[in-house]
Amino acid sequence: MFHIRYRFGFMFLLGAYSFLNTLLLETFDYYHFGADQFVIFLLFLAVTAGIWEGNRIWDNWLSTRDIEPFWKRIGYNLAGSVIITALVTLILGIPTAYYSISPDWSEWKLPLKLLLMFCFRVNLFLNTIHVIFLYMKKLEESHQQLETYKRTTSQAQLQSLRNQVNPHFLFNNLSVLTALIAQDTAASVEFIRQFSNVYRYILKSDEKELIELREELKFIDSYLYLLKTRFEAGLSIQVDISEGCLSAYILPVSLQMLVENAVKHNIISKSKPLRIEIFCLDNESITVKNNLQKKIIEDDQSTRLGLTNIAKRYDFLGHQGVIVAQTDQFFSVTIPLIRLNAEQAMHNNMAYYD
């Protein structure tokens, strides 16, 4: 607080206000000091400036010391300010009284006591404001540290979740490729190319918190090729995305996880085809919906990232609103689309996880 801009202006205002307050209380009518009021006015300004600057120097010195806890720092501030106030009062008050009142010290004992009372009130006022200032600064630092901690923790958790996606994806598709090589060499070459595109995208998207839906859909096209190659007529996929949705952002590989979830937990066959729809109709969210034909026996060896992890990933980034809906016939998951301004989009594109 003592370092604020235009502090000399505030010193003058505080000193002038204190002198005006003294006049309004008719202090000079009750106490006859024998000194000119203009001299007293200048003295008020001088002691106010001296107390302020003395506290500023003391606060500068304390700032170079790592004093903890907070209450100890406040104690040092107050103790030092009392000494500073007493010294300023005596150093400025005694010469002024000597030359403006009388060389006889017994005649200015009362004025000096009143001056001490005034100076300690000024000091108390300044230090009260300063304590509030220090408390708010400490509170802001605590909030910043908390936000940094939360963000660091969220990034670590998000990174951990993403690291779980890659082995799961790799395991499933290598299993498909192993079966495909024995059946059709040409098809396996194309499968490897699409698989490489998909896996390259996953590695690249791991560098960003969010990805533009337009880019995610290009990745999904390659990923759906892998699924169609495996399941053929047993899998039907329809994508219906309005133009207004393409510039929005979602979590990288989140659509892939939802499609994979549908494939993993439902029966897929030519007689009972799985129909998956990916659509965005309201420009606010995107939905992955499938007809419900659950497997009786689930794959216990699967990584089971599931819907909970998708919701957590949105929570980590401060965006909630994942909606899961289920009926006897259908299952759907709706995730929010995130709108970024130009500055946020640039920051997202430059944000890398260590």
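Worth a mention:
- Residue list for segment 185-205, filter: farther than 20 Å from residue 246 by Cα and at pLDDT below 80: 199, 203
- Meets criteria (surrounded by 12 or more Cβ atoms within 10 Å (Cβ to Cβ), modelled with pLDDT under 85 and more than 27 Å from residue 231 (Cα to Cα)) for residue 126: no
- Matching entry among 236, 247 (being touching a Lys or Arg at 6+ places or on another chain (Cβ under 6 Å) and hydroxyl-bearing (Ser, Thr, Tyr)): 236
- Condition check for residue 211: among the hydrophobic types (A, V, I, L, M, F, W, C), crowded, with 17+ Cβ neighbours inside 10 Å and either under 17 Å from residue 337 (Cβ atoms) or over 35 Å from the mean Cα position of the chain (by Cα) (or both): yes
- Look at segment 134-147: where a residue is closer than 21 Å to residue 59 by Cα and a partner is in a helix (DSSP H, G or I) and at pLDDT below 80, sitting 6+ places away or on another chain with Cβ atoms under 9 Å, you get 134/70; 135/70; 138/70.
- In the set 4, 57, 51, 84, only one residue is at pLDDT below 80, hydrophobic (A, V, I, L, M, F, W, C) and closer than 25 Å to residue 136 by Cα; that residue is 4.
- Condition check for residue 251: of a type in the set (A, V, I, L, M, F, W, C), touching a helix residue (DSSP H, G or I) at 6+ places or on another chain (Cβ under 9 Å), crowded, with 16+ Cβ neighbours inside 10 Å and over 21 Å from residue 174 (Cα atoms): yes
- Odd one out for residue 47 among (1) over 28 Å from residue 133 (Cα atoms); (2) in contact (Cβ under 8 Å) with a residue 60 or more places away in the chain: (1)
The values are calculated or read from the model by the stated rules, or taken from the named source; none is laboratory data. What you see is a predicted model, and the numbers here were worked out from it, not measured in a lab. Heads up, the Cβs are rebuilt from the backbone with ideal geometry, glycines too, and the neighbour counts pull from every protein chain shown.
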